[in-house]
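Contents: one structure, followed by commentary.
The values are calculated or read from the model by the stated rules, or taken from the named source; none is laboratory data. Everything quoted here is computed from the prediction, not taken from an experiment. Neighbour counts run over all protein chains shown; Cβ positions are idealised from the backbone, glycine included. Please note that ligands, DNA and RNA were not included when accessible areas were found on the heavy atoms of the full protein model with its side chains. Shrake-Rupley method; radii C 1.70, N 1.55, O 1.52, S 1.80 Å.
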Amino acid sequence: MELSVNHQALAYLAAAVLFILGLKGLTHPATARRGNLYAMLGMVIAIAATLLGAQVQSYGFIIAGIAIGAVIGAVVAVRIQMTAMPQLVAALHSFVGMAAVLVGIGTFLERSASGGLDALLMSEISAGVVIGAITFTGSVIAFGKLQGLIGGAPVRFAGQHLLNALIALATVALAVHFALTGSLLSLLLMTLLALLLGLTLIIPIGGADMPVIISMLNSYSGWAAAATGFTLHNNLLIIVGALVGCSGAILSYIMCRAMNRSIINVIFGGFGSSGGGGESAGAQAAERGVKSAAVEDAVYWMEDAARVIVVPGYGMAVAQAQHALKELMQQLEGRGVEVRFAIHPVAGRMPGHMNVLLAEADIPYDNVQEMDEINPDFPGTDVVLVVGANDVVNPAAREDASSPIYGMPILEAGRARQVYFLKRSMRPGYSGVDNLLFYQDNTSLIFGDAKDTIEAINAALKGGGH
């Protein structure tokens, strides 16, 4: 069965509509599952319409590739932990980038042999290869930082921005030369420089900015796919690439606004290193000591509370504590306590990380609130339970001008009557910044695995507490 051009165009249109509906569904947790289903259905239609098109002459390698990819994808999907989802996303972005590079080079070699090259096609190949190469190495570096294979601290050296500018200018010059001459040497040099640029652009980015970087790399992968769509004359790939590129860029901008950061500053500067200016407020506060608490102390406060807010962070993901938190919520609500979850836009290691984990535990969407919505309620809250979060509640963002996170909006957990931190140790957050909230009079730390601690709280509540 072979689809006509018109029927294929109609199938592509239907797929594009489903992709748009999928993006629309992902704008709210309540409709995210439906949005994913729309997107998956759209992808099935897109793949089927492409395979049934007249341009496909042989199915041997295609079937082999699909089979191998399906096996690898199924194994990864079964084995992957939610804690590793950010680095998986980074790895998938790198695949998109490398695919764009390979398609561009392959198209050039094929067309140069058949004499079908022109300036427009070579310009499209240049765009796809350059964006794809930057996406590939940038995503590999992001994966390494998230996986812990590379340190999360920014890697900086003198003249770094000048070097990036020179590499970028040389890459553009080679792209123009390739588009005008079709030189294979220019194509290869352009590809190598773009790969290097992806590396030098991402290594200065600190760990605290990883959610924004993941979002930006998502945008890059979309533009790489769109450029590849022009190269292959595939309208749906152009549409999908543009949707991914635009949505990723918009999300990155929104997240930078939530952090009170310039997106240019994040992409070309990064933060997460120590600032100057003498002894910081964190160092001064450390001299005053930190109060530790037992599970029984938290139970005592929660039993007498009217309102409790839980602030989840990456530590919750590591401990897989979301299901224990669901049980804690049910127990407290059974006692007439109002329980809500406060989500910071950059909590975790990728956009929406905490929302996904809470949804996995079937915590109702009405109990989950974003930073701007819940911040005014902290002063009227009896207990805040911070589960593995750090930077997103750090008052240094407001009080310590020498801090690298200064100016970032935070969840104002310290304004509650009592704050309990669930932490394994006194180590700072991913940005490496000491948390001033540890040293407030109304803050206590409960050391240990977050899941074990919450389960102990649940057991104490079931047993009647104090």
(request) For Val311, enumerate residues with amide H under 5 Å from its amide H, sequence gap 5+ or separate chain, H modeled in the peptide plane. (result) Ala342, Leu385, Val386, Val387
(message) Show me, for segment 63-76, the HN-Hα J-couplings you get by feeding each phi into the Karplus relation (A = 6.51, B = -1.76, C = 1.60, θ = phi - 60°), rounded to Hz, glycine and proline as x.
(response) 5, 4, x, 4, 5, 5, x, 5, 5, 4, x, 5, 5, 5
(request) Can you work out the accessible area per residue across the chain, with the rest of the protein chains kept in place, probe 1.4 Å, in square angstrom? (result) 46 Å²
(message) For Val155, what residues show an amide H to amide H distance below 5 Å, using hydrogens built from the backbone and excluding near sequence neighbours?
(response) Ile205
(message) Report, in listed order, any pair from Lys24/Lys326; Lys291/Lys451; Lys145/Lys451; Lys24/Lys423 with a Cα-Cα distance greater than 30 Å.
(response) Lys24/Lys423
(request) Determine one quarter of the surface area of the Cα convex hull of the chain, which equals its mean projected area, and express it in nm² to one decimal. (result) 24.1 nm²
(message) Expected output is a single nm value to one decimal: the length gained when fully extending between Asp118 and Ala361, i.e. 0.36 nm times separation in residues minus the C-alpha distance. What is it?
(response) 82.0 nm
(request) Order these peptides, 163-172, 223-232, 49-58, by their mean beta-carbon neighbour count within 10 angstrom, highest first. (result) 223-232, 163-172, 49-58
(request) State the Cα centre-to-centre distance between segment 1-51 and segment 101-168 in whole Å. (result) 28 Å
(request) Scale the Cα Rg of segment 14-120 by the rule-of-thumb value 2.2 N^0.38 Å and send over the ratio, two decimals. (result) 1.35
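Given C-alpha coordinates of segment 282-405, what is the ratio Rg to Rh with the Kirkwood estimate of Rh? Intermediate values should be presented prior to the final figure.
Details: Rg = 15.1 Å, Rh = 15.5 Å.
Computed over Cα atoms, the ratio is 0.97.
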(request) Work out the length of the dipole vector of segment 345-450 about its Cα centre, built from +1 on the beta-carbon of each Lys and Arg and -1 on the beta-carbon of each Asp and Glu, and round it to the nearest 20 debye. (result) 420 debye
(request) Mind putting a number on the dipole of the chain about its Cα centre? Charges go on the C-beta only, +1 for Lys and Arg and -1 for Asp and Glu, and I need it in Debye to the nearest 20. (result) 720 debye
(message) Suppose we take every Cα in segment 160-254 and form the convex hull; what volume per residue is that in Å³?
(response) 98 Å³
(message) If each residue of separation counts as 0.36 nm, what is the full-extension length gain between Arg427 and Ala48 once their alpha-carbon separation is subtracted?
(response) 131.4 nm
(message) I need the Debye-formula profile for segment 332-466: one equal scatterer per C-alpha, no solvent, reported as log10 I(q)/I(0) at q = 0.08, 0.17, 0.21 1/Å, two decimals.
(response) -0.21, -1.02, -1.59
(request) Would you work out which of His28, Gln57, Ala165 lies farthest towards the positive end of the dipole of the chain? Charges go on Cβ: Lys and Arg +1, Asp and Glu -1. (result) Gln57
(message) Against the empirical 2.2 N^0.38 Å scaling, what ratio does the C-alpha Rg of segment 43-201 come to?
(response) 1.23
(request) On the full set of protein chains, 1.4 Å probe, figure out the accessible area of Asp362 and give it in Å² to the nearest 10. (result) 100 Å²
(message) Under the 0.36 nm per residue contour assumption, what length would be gained going from the current alpha-carbon distance of Ala67 and Lys24 to full extension?
(response) 12.4 nm
(request) Quote the charge dipole size of segment 18-139 about the Cα centre in Debye, to the nearest 20; the model charges only the Cβ of Lys and Arg (+1) and of Asp and Glu (-1). (result) 520 debye
(message) Kirkwood Rh over alpha-carbon pairs of segment 82-151, then Stokes-Einstein at 10 °C and 1.306 mPa s: what D in µm² s⁻¹, rounded to an integer?
(response) 121 µm²/s
(request) Determine the share of the chain's accessible area contributed by carbon and sulfur atoms, expressed in whole percent, with a 1.4 angstrom probe. (result) 64 percent
(request) Provide the per-residue ³J(HN,Hα) series for segment 41-52, in order, calculated from phi with Karplus coefficients 6.51, -1.76, 1.60 and θ = phi - 60°, each as a whole number of Hz, with x at glycine and proline positions. (result) 4, x, 5, 4, 4, 4, 5, 4, 5, 5, 5, 8
(message) What distance in nm lies between label points placed 7 Å from Cα along the C-beta direction at Gln81 and Asn36?
(response) 2.0 nm
(request) Would you kindly derive the ³J(HN,Hα) couplings of segment 159-171 from the backbone phi angles with the Karplus curve 6.51 cos²θ - 1.76 cosθ + 1.60 (θ = phi - 60°), listing them in order in whole Hz, with x for Gly and Pro? (result) x, 5, 5, 5, 4, 4, 5, 5, 4, 5, 5, 5, 5
